[in-house]
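See structure below.
The values are calculated or read from the model by the stated rules, or taken from the named source; none is laboratory data. Everything numeric in this text was worked out from a predicted model, so none of it was measured. Note: ideal-geometry Cβ built from the backbone for every residue, glycine included; neighbour counts use all protein chains shown.
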Amino acid sequence: MALEFWEDDEDRYCLSEISLHDGERSFELSRARHGPAAWAGTPYADDLLPGQAVVTVVQHGPDHYEPDETPAPMLYCDSETWIPMAVMQWFTERVAARLAEAAKP
């Protein structure tokens, strides 16, 4: 799992990239959270972790599509969470860049 963090004012967000089976990939946007209290006093005390996903992009593998169908990422959203436009722009640009990089021969 690859993690990337971004700050918007006082909120911190996390982009998680997860490789699934058969070439599928998942990208999740969540509000970052601090590690558990048990980490206090350790080198990991200030580390951030991903929270519950509020937006997920899934790039299905080639077996998911019909032969004449063009593979396209699918977007799933938590309808009860508001995300600032700047954060969504950061997330979608990073996902698009990672998908483009993966598509290179």
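Listed residues Gln89, Gln52; which is loosely packed, with under 12 Cβ neighbours inside 10 Å, under 12 Å from the mean Cα position of the chain (by Cα), modelled with pLDDT of 85 or more and more than 14 Å from Glu4 (Cβ to Cβ)? Working first, answer last.
Working: Gln89 fails: under 12 Å from the mean Cα position of the chain (by Cα).
Going through Gln89, Gln52 in turn, the sole match is Gln52.
Note down all Cβ pairs under 6 Å where the first residue falls in segment 14-35 and is surrounded by fewer than 14 Cβ atoms within 10 Å (Cβ to Cβ), the second is of a type in the set (Asp, Glu), and they're at least six residues apart or on different chains.
The qualifying pairs are Asp22/Asp63.
Which residues, taken from segment 27-61, are of a type in the set (A, V, I, L, M) and over 16 Å from Trp90 (Cα atoms)?
Ala37, Ala38, Ala40, Ala45, Leu48, Leu49, Val58, listed by residue number.
Residue under question is Asp8, and the condition is that it be of a type in the set (Asp, Glu) and either touching a residue at least 24 places away in the same chain (Cβ under 8 Å) or surrounded by 13 or more Cβ atoms within 10 Å (Cβ to Cβ) (or both); does it hold?
yes
In segment 55-105, what residues are polar (S, T, N, Q) and in a helix (DSSP H, G or I)? Walk me through how you get there before you give the answer.
Step one: list which residues in segment 55-105 are polar (S, T, N, Q), which gives 56, 59, 70, 79, 81, 89, 92.
Residues satisfying the conditions are Gln89, Thr92.
Yes/no matrix, rows are residues, columns are (1) at pLDDT below 85; (2) within 17 Å of Glu4 (Cβ to Cβ):
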| site | (1), (2) |
| --- | --- |
| Val57 | no, yes |
| Gly61 | yes, no |
| Asp68 | yes, no |
| Trp82 | no, no |
| Met85 | no, no |
| Ala102 | yes, yes |
| Pro105 | yes, no |
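Restricting the first residue to segment 41-53 and requiring it to be farther than 21 Å from Tyr13 by Cβ, which pairs with a second residue that is assigned to a loop (DSSP other than H, G, I, E, B) and of a type outside the set (Asp, Glu) meet a Cβ separation below 9 Å and a spacing of at least six or different chains?
Here the result reads Thr42/Gly35, each pair linking segment 41-53 to a residue that is assigned to a loop (DSSP other than H, G, I, E, B) and of a type outside the set (Asp, Glu).
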